[in-house]
Structures are given as structure tokens and as C-alpha cells.
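What follows is a single structure, written as C-alpha cells, with notes after it.
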Amino acid sequence: MTKPIDREEEAWAQLMRDCPSWPDDMAAAYRAAGLWEGLTFGEMLADRAARYGDKTAIVAGETRLGYAALHERAGKLAAGLLQLGVGPADRVVVQMTNRHEFFTVVFALFRIGALPVFALPLHRLSEIAYLCEFSEAKAYVIPDVDAGFDYRALAADVLERVPGLRHVLVAGETGGETGSSAFLSLERLAALAGPEEPAWPRGEAGRVAFLQLSGGSTGLPKLIPRTHDDYMYSVRRSNEICGITEQSIYMAALPVAHNFPLSSPGALGTLYAGGTVVLAAAPSPDEAFPLIAKERVTVTALVPPLALVWMEAAALRRPDLSSLRLLQVGGAKFSAEAAGRVRQTLGCRLQQVYGMAEGLVNYTRLDDDDEIVVNTQGRPMSDWDEIRIVDEDDAELAPGEVGELLTRGPYTIRGYYRAEAHNAKAFTADGFYRTGDLVKADAQGYLVVDGRAKDQINRGGDKIAAEEVENHLLAHPAVFDAALAAMPDAFLGERACAFIILREDRKATGPELRAFLRERGLSAYKIPDRFAFTDAFPQTNVGKVSKKALRERLMAEVSGSVPATAPAGASAQAAASARATQ
Ligand code: OOB
């Protein structure tokens with residue numbers, strides 16, 4: 001019989017084969033320079049618990065958890081997980097709203113070397129079933145009910161779809177009482193552990209800590225493997241740039257599993273520094289403003305549409321935001337016009353953040369002139385970040401010219417999890433990640449995001465991979481072809497428009513297609529805002545659908561230079577139906 005230790009080593013070896021890593025010489029250089037410290041997130045929390053004891057780590061609703069209590073609860077859950085048969089290198093899909101259990105669960109997983117796979121609260125059957133299946137998750141963690149949505153009903157559907165999934169772990173009052181033996185409340189999970197501490201598996205900081213979801217541009221979402229070493233470095237360096245200390249009170253208003261509020265510097269940065277993380281149940285002014293006043297929040301992060309809502313609400317209501325020192329805005333382009341109003345309306349400094357779950361994060365600096373803070377998306381956080389701005393042939397451009405941003409460095413992945421063919425396209429031969437973003441750099445290295453080369457829609461910070469939605473639409477019997485394109489929107493920046501060619505003699509309306517996508521379990525933000533029926537798509541010289549032409553068409557419509565019609569080449573009848581769509 002194989003000894004458990006060999007099985008564990010084999011599980012890690014397999015996982016590391018699935019996750020491309022840095023070449024040895026680069027890894028050695030990052031270690032020698034002290035960027036990679038060899039500290040796991042489990043060890044980090046243990047250290048902070050010893051150092052800060054009862055100091056408040058997490059505030060969520062009525063719950064206040066000190067550092068020691070957080071560590072202890074995570075330990076109980078970790079022991080329970082081991083009892084359940086979840087261990088090193090196992091994957092666990094975590095779909096948690098902004099509750100304290102997000103942290104107890106995630107640190108429990110870090111403790112035993114199991115990998116959280118971060119899903120977002122808005123994800124539904126289509127995304128979750130795929131994540132569970134593709135990551136071969138042993139367990140799936142959910143809240144019971146949140147914002148009126150019953151995650152247990154979703155989990156029941158996921159269990160039916162994914163036979164390999166064994167456990168659903170439920171946070172909340174009504175945890176395990178669903179009748180299915182797969183469901184277990186976190187309370188009961190913690191109680192599974194015996195009185196003795198188990199022998200904790202040995203952690204290694206060079207190993208993958210978790211899988212983060214990519215915004216994506218292809219048919220199926222990609223998983224991003226981040227190691228303890230690389231992520232810890234990005235968190236530590238972010239803290240230095242953003243001035244996060246023991247005194248910092250960070251409010252997570254965005255869903256905390258997203259890379260921005262999680263680590264830029266976000267909740268993990270704040271815990272690293274010994275500060276306090278306040279979880280807002282929703283990012284609305286109704287929820288967030290009183291919380292800022294009550295908890296004396298010093299820093300928070302928003303996507304641009306929410307920053308607009310906050311500015312509007314603050315002008316009307318004059319809330320007490322006197323504790324707020326810094327508002328970070330990122331995830332999508334923040335217009336210079338809006339950026340210029342932050343200090344006046346919210347009474348705090350602005351920091352623009354241009355980052356990606358794959359790694360690279362750019363920040364404007366706290367001592368930058370307003371000119372830079374308002375007009376740029378910042379510069380790379382680390383001197384070790386390598387940047388190239390290139391044309392379509394990968395030739396480097398002159399400073400100031402717009403091209404695609406390529407990057408590599410000590411916290412930017414070298415490839416996605418189990419995606420060999422895709423990796424060959426998404427990375428250069430020498431390991432630079434192709435961001436798909438069109439940017440220009442000024443003489444000081446500050447970047448301005450100027451557009452996108454990837455087939456993605458950025459709906460106010462929520463990323464939609466065009467191909468993923470197109471594939472769902474193609475499954476409809478009346479749809480002959482589908483193409484998703486971004487239409488400009490004053491509030492969200494972009495919304496999604498689905499151009500549809502129907503099969504001959506078949507009919508479908510926008511509302512029907514929308515209902516069809518919902519039934520397939522696609523999350524709401526990916527469902528097109530508009531459907532436009534046409535009988536042909538504009539093409540590029542090589543005969544592909546020209547998304548650029550579709551975008552330009554939508555852009556022209558919005559700016560009013562042409563009436564809302566179907567794209568060039570479409571019949572008068574199709575043009576009429578395009579106008580008829582909502
Ligand atoms: C953040 O991460 P993701 O993975 O959800 O999305 C990354 C993409 C970027 O490639 C870019 O297209 C867009 O989102 N983006 C921005 C932006 N910040 C992100 N585009 C224009 N201006 C910005 N400030 O969105 C993310 C991760 C960490 C920190 C902040 C944001």
C-alpha cells in the first residue's frame with residue numbers, strides 16, 4: 001500500500017505539472033532578491049495571531065473576529081476538512097459573499113494546503129458546475145441564503161451535474177438541514193475535529209495556494225494558479241505603495257474573492273499589516289456610508305460605476321466620510337472627468353488601480369500630482385515587473401505609441417491551469433503574458449489604458465468573455481450565428497450587445513434568447529443587454545467576424561451619428577428588427 005505521504009507528494013507533483021511555473025533561474029533570482037520570502041498564507045496568519053491576539057481582524061455584520069479567534073476558527077475548520085478527506089493539493093470551490101466565513105474557510109484551506117478555487121457570488125450553475133468539474137473539486141463552499149438567493153438550491157443542481165463533487169459546505173444558520181448527505185454546515189464541519197490538533201501537512205510557499213478565475217476571452221473560463229510566494233510578494237509590495245499599516249481599516253465593498261479587494265492590497269494586505277478588514281454586505285451608499293462612519297474606515301476600493309454612484313450620493317446626503325483617506329478605483333477605465341471630482345465630492349485621495357488576476361498591478365502613487373492620478377492608470381508596482389508595448393507583430397513600439405501590453409515578473413503567472421494549447425497563444429515564447437489591453441506609456445512609465453485587443457466586454461468591471469456567451473447562444477435551435485460586442489455606456493463604460501443571425505424560417509426574440517441563457521444557468525451579468533438581429537456580420541480581410549466593425553457601429557449609434565441599424569451588409573428588414581430590440 002502507498003503511504004499517505006507519497007500520495008500527497010504525487011498529488012503535488014501532478015498539480016505542479018498542471019500549472020506552468022517560472023523557470024528555475026528566474027525563481028532563484030526572485031528568491032535571492034528577497035521578493036519571494038518562503039512564507040505561506042497559513043504561516044502568515046499564525047504569526048499575526050501570535051502577534052496581534054485579540055486585535056480585531058474582521059468585522060462582518062454583528063461579528064467581530066480577533067486575529068487569534070480567526071486563526072483558531074480556521075484551525076477547527078481545517079481539522080474538520082482533514083477528517084472529511086480534503087487535504088493537500090485538493091481543490092475546493094469557494095463561492096462566498098462578504099461574510100466572515102470567507103476568511104475562516106480560506107485560511108482553513110491554506111492551513112492544510114488545499115486550494116480555494118475562487119468563484120464570485122453572481123456565478124450560477126453554468127460557471128459553478130464548470131469550475132467544480134474542471135478543477136475536480138472535492139467540496140464546494142456556499143452561504144445558505146444571501147441577498148435573497150438560495151445558494152443551497154444552486155448547490156443541489158451542481159451536485160446533480162458534477163458526480164465527482166462530494167461535499168457542499170454551508171455557512172449560516174440553516175447550514176446542513178437540506179436532507180442531502182452531501183451538505184454539511186460549517187458549524188458541524190468544525191465539530192468533526194477531535195480534541196487533539198491533527199498533524200498539519202507541511203506547507204511550501206513555492207506551491208500553488210489557490211486558483212483564481214480569469215476574466216477570459218475564450219469559450220471556457222481559465223483558472224489562474226497563484227503561489228504563496230508570488231501572491232504574498234504582491235500583497236506586501238501593495239501595502240508599501242498604498243501605505244497600509246496596523247492602523248488601516250480597509251472596507252471590502254466589492255466581492256472579496258475578486259483579486260482587487262482581496263490583494264491590491266485589499267483584505268489580505270490589511271491582515272498582513274495587522275489592520276482591520278470591514279466587510280460590507282453590499283457596495284451601495286446605503287450600506288457603505290454608515291459603515292464607513294461607524295467603523296472609521298480609512299481605505300476602500302471600487303469599480304468606476306460605483307465610484308460614480310458614491311459621488312452622486314455623497315453630494316446629496318453629505319455623509320460622514322471623514323475617516324476615509326484613500327479611495328482606490330480600478331477594474332475598468334475610470335474617466336478623467338470623474339477621477340477629477342473624487343477629492344472634492346468624497347474628501348479623500350484617489351488612487352487608480354489597473355490590475356489583472358493573472359498578476360501585474362499598476363498603481364498611481366500616493367504622492368503623485370493630481371495630473372497623473374486623474375489621467376493615468378498608474379505604473380507597475382514593482383521594479384521587477386517587465387513591460388513591453390508591442391504592435392501586432394510583437395515588435396516593440398516607441399514610447400507614447402498605443403500597443404498591446406505584455407508583461408512578466410515575480411507575481412505574474414507563466415500559464416493557466418491545464419490549458420496547454422491556450423497558453424501557447426496567451427504567452428510569448430519567453431514567458432510574457434499577453435494582457436489583451438491596448439495601452440500607452442509616458443516617459444515615467446505611467447500607463448494609460450486605451451482600448452482592448454481581446455474579445456472581452458468589460459461591463460463596469462465585470463468581465464464577459466464574448467466566446468463563452470456566443471457558445472451558449474449557438475446552442476439555441478433558432479440561432480445560426482452569434483457575435484457579442486461591446487457598446488459604449490455612460491454608466492457602466494460598456495454593455496454587451498449580441499448580434500444574431502437566425503436560421504432560415506426560424507424565429508426568436510431578444511426576450512426568448514435572454515430567458516434561454518438564464519435557463520442554461522449563465523450568470524446575469526453575462527446576459528446581453530441588447531440583441532440585434534441581422535443577416536450578415538462584417539468581416540475582416542481574413543474572413544473572420546470583425547468585432548471592431550461591430551463595436552464601431554455601436555459606438556456610432558450611441559454618439560448619434562447614425563440611426564440604430566444593423567451592421568453594414570444587413571438587409572433593410574434586419575435593420576428594422578435591430579431597431580426593434582431593446
Ligand atoms: C482586475 O482584474 P481582472 O482579472 O478582473 O481584469 C483584468 C482586466 C485588465 O486586463 C483590463 O482589461 C481591465 O481588467 N482593467 C482595467 C483597469 N483595471 C482592470 N482597464 C482600465 N483601467 C483600469 N484601471 O480588474 C483587477 C485586478 C487587480 C486590481 C485591480 C483590478
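The values are calculated or read from the model by the stated rules, or taken from the named source; none is laboratory data. All values derive from a computational prediction rather than experimental measurement. Because the Cβ atoms are built from the backbone with ideal geometry, glycine has one as well, and the counts that use them run over all protein chains shown. In case anyone asks, the SASA skips ligands and DNA or RNA and just uses the protein heavy atoms, side chains included. Shrake-Rupley method; radii C 1.70, N 1.55, O 1.52, S 1.80 Å.
Of the numbered criteria (1) touching a strand residue (DSSP E or B) at 6+ places or on another chain (Cβ under 8 Å); (2) in contact (Cβ under 8 Å) with a residue 60 or more places away in the chain, the one Ile372 fails is (1). Taken together, the criteria place Val277 among residues that are surrounded by 24 or more Cβ atoms within 10 Å (Cβ to Cβ), away from the ligand (no atom under 15 Å from the Cβ), of a type outside the set (Asp, Glu) and closer than 27 Å to Arg48 by Cα.
Could you look through region 365-385, keep only residues that are under 25 Å from Ala486 (Cβ atoms) and buried (at least 19 other Cβ atoms within 10 Å of the Cβ), and pick out the one that is farthest from the ligand (Cβ to nearest atom)? Don't jump to the end; show me each part of the working.
Taking region 365-385 as the starting set, the residues that turn out to be under 25 Å from Ala486 (Cβ atoms) are 374-378.
From what's left, buried (at least 19 other Cβ atoms within 10 Å of the Cβ): 374, 376-378.
Numbers: Val374: 13, Thr376: 10, Gln377: 4, Gly378: 8 Å.
In this case the residue turns out to be Val374.
Within region 298-315, the set of residues being within 16 Å of Glu287 (Cα to Cα), open to solvent by 40 Å² or more (accessible area, probe 1.4 Å) and hydrophobic (A, V, I, L, M, F, W, C) comprises Leu308, Val309.
Residue under question is Lys440, and the condition is that it be basic (Lys, Arg), outside any loop (DSSP other than H, G, I, E, B), within 13 Å of the ligand (Cβ to nearest atom) and touching a Leu at 6+ places or on another chain (Cβ under 8 Å); does it hold? Reasoning before the result, please.
Working: basic (Lys, Arg): yes; outside any loop (DSSP other than H, G, I, E, B): yes; within 13 Å of the ligand (Cβ to nearest atom): yes; touching a Leu at 6+ places or on another chain (Cβ under 8 Å): yes.
It is true that Lys440 is basic (Lys, Arg), outside any loop (DSSP other than H, G, I, E, B), within 13 Å of the ligand (Cβ to nearest atom) and touching a Leu at 6+ places or on another chain (Cβ under 8 Å).
Out of curiosity, is Thr412 within 15 Å of the ligand (Cβ to nearest atom) and in a loop (DSSP other than H, G, I, E, B)? Against the criterion (within 15 Å of the ligand (Cβ to nearest atom) and in a loop (DSSP other than H, G, I, E, B)), Thr412 qualifies. Among the residues of region 167-191, those identified as at pLDDT below 95 and open to solvent by 40 Å² or more (accessible area, probe 1.4 Å) are Glu173, Thr174, Glu177, Thr178, Gly179, Ser180, Ser181.
Looking only at residues of region 332-388 that are under 19 Å from the mean Cα position of the chain (by Cα) and among the aromatic types (Phe, Trp, Tyr), we find that the one that is nearest to Tyr433 (Cα to Cα) is Tyr354.
If the condition is being open to solvent by 20 Å² or more (accessible area, probe 1.4 Å), within 25 Å of the chain's Cα centre (by Cα) and of a type in the set (A, V, I, L, M), then region 19-55 contributes only Leu39.
Taking region 477-490 as the range and being more than 16 Å from the ligand (Cβ to nearest atom) and open to solvent by 30 Å² or more (accessible area, probe 1.4 Å) as the test, the residues that pass are Pro477, Phe480, Asp481, Ala490. Within region 517-528, restricting attention to residues that are open to solvent by 40 Å² or more (accessible area, probe 1.4 Å) and touching a residue at least 24 places away in the same chain (Cβ under 8 Å), which residue is nearest to the chain's Cα centre (by Cα)? Only one residue tops the list, namely Ala524. For Leu268, the conditions (1) within 16 Å of the ligand (Cβ to nearest atom); (2) surrounded by fewer than 24 Cβ atoms within 10 Å (Cβ to Cβ) all hold with the exception of (2). The single condition among (1) of a type in the set (D, E, K, R); (2) within 14 Å of the ligand (Cβ to nearest atom); (3) under 17 Å from the mean Cα position of the chain (by Cα) that Glu468 does not satisfy is (2). Phe427 satisfies every condition listed in (1) away from the ligand (no atom under 14 Å from the Cβ); (2) surrounded by 21 or more Cβ atoms within 10 Å (Cβ to Cβ); (3) over 23 Å from Leu35 (Cβ atoms) except (3).
Gln352 - would you say it is in contact (Cβ under 8 Å) with a residue 40 or more places away in the chain, of a type outside the set (A, V, I, L, M, F, W, C) and within 16 Å of the ligand (Cβ to nearest atom)? Steps first, answer last, please.
Working: in contact (Cβ under 8 Å) with a residue 40 or more places away in the chain: no; of a type outside the set (A, V, I, L, M, F, W, C): yes; within 16 Å of the ligand (Cβ to nearest atom): yes.
The answer is no for Gln352.
For the residues Gly194, Gly243, the requirement of being open to solvent by 20 Å² or more (accessible area, probe 1.4 Å), more than 15 Å from the ligand (Cβ to nearest atom) and closer than 30 Å to Thr276 by Cβ singles out Gly243. All conditions in (1) within 23 Å of Leu554 (Cβ to Cβ); (2) of a type in the set (D, E, K, R); (3) without any contact (Cβ under 8 Å) to a residue 40 or more places away in the chain; (4) surrounded by 16 or more Cβ atoms within 10 Å (Cβ to Cβ) hold for Asp462, with the sole exception of (3).
Checked against (1) within 13 Å of the ligand (Cβ to nearest atom); (2) in contact (Cβ under 8 Å) with a residue 60 or more places away in the chain; (3) open to solvent by 20 Å² or more (accessible area, probe 1.4 Å), Gly445 passes all but a single condition, namely (1).
Against the condition surrounded by fewer than 20 Cβ atoms within 10 Å (Cβ to Cβ), closer than 24 Å to Leu15 by Cα and modelled with pLDDT under 95, how does Pro163 come out, does it pass? Can you show your working first?
Details: surrounded by fewer than 20 Cβ atoms within 10 Å (Cβ to Cβ): yes; closer than 24 Å to Leu15 by Cα: yes; modelled with pLDDT under 95: yes.
The answer is yes for Pro163.
Those strands (runs of 3 or more DSSP E) of region 42-160 in which at least 2 residues are more than 20 Å from Arg207 (Cα to Cα), considering only elements entirely within it, cover 56-60, 63-66, 139-143.
Looking at region 322-349, which of its residues are open to solvent by 30 Å² or more (accessible area, probe 1.4 Å), within 12 Å of the ligand (Cβ to nearest atom) and outside any loop (DSSP other than H, G, I, E, B)? Reasoning before the result, please.
At the first step, the residues of region 322-349 found to be open to solvent by 30 Å² or more (accessible area, probe 1.4 Å) are 322, 325, 333, 335-337, 340-341, 343-345, 347, 349.
Then drop every residue that is not within 12 Å of the ligand (Cβ to nearest atom), which leaves 333, 335-336.
Residue satisfying the conditions is Ala336 alone.
Taking region 386-413 as the range and being without any contact (Cβ under 8 Å) to a residue 40 or more places away in the chain and open to solvent by 50 Å² or more (accessible area, probe 1.4 Å) as the test, the residues that pass are Asp391, Glu392, Asp393, Asp394, Glu396, Ala398, Glu401. In summary, strands (runs of 3 or more DSSP E) completely within region 451-511 and bearing 1 or more residues that are at pLDDT 95 or above, out of contact with any strand residue (DSSP E or B) (no Cβ under 7 Å at 6 or more places or on another chain) and at negative phi occur at 462-465.
In the condition set (1) open to solvent by less than 10 Å² (accessible area, probe 1.4 Å); (2) within 13 Å of the ligand (Cβ to nearest atom), Ala253 is compliant with all but (2).
Which ranges mark the helices (runs of 4 or more DSSP H) fully within region 206-290 that have 1 or more residues being over 17 Å from the mean Cα position of the chain (by Cα) and over 20 Å from Thr63 (Cα atoms)?
Details: elements: 228-242, 259-263, 266-273.
Passing ranges, in order: 228-242, 266-273.
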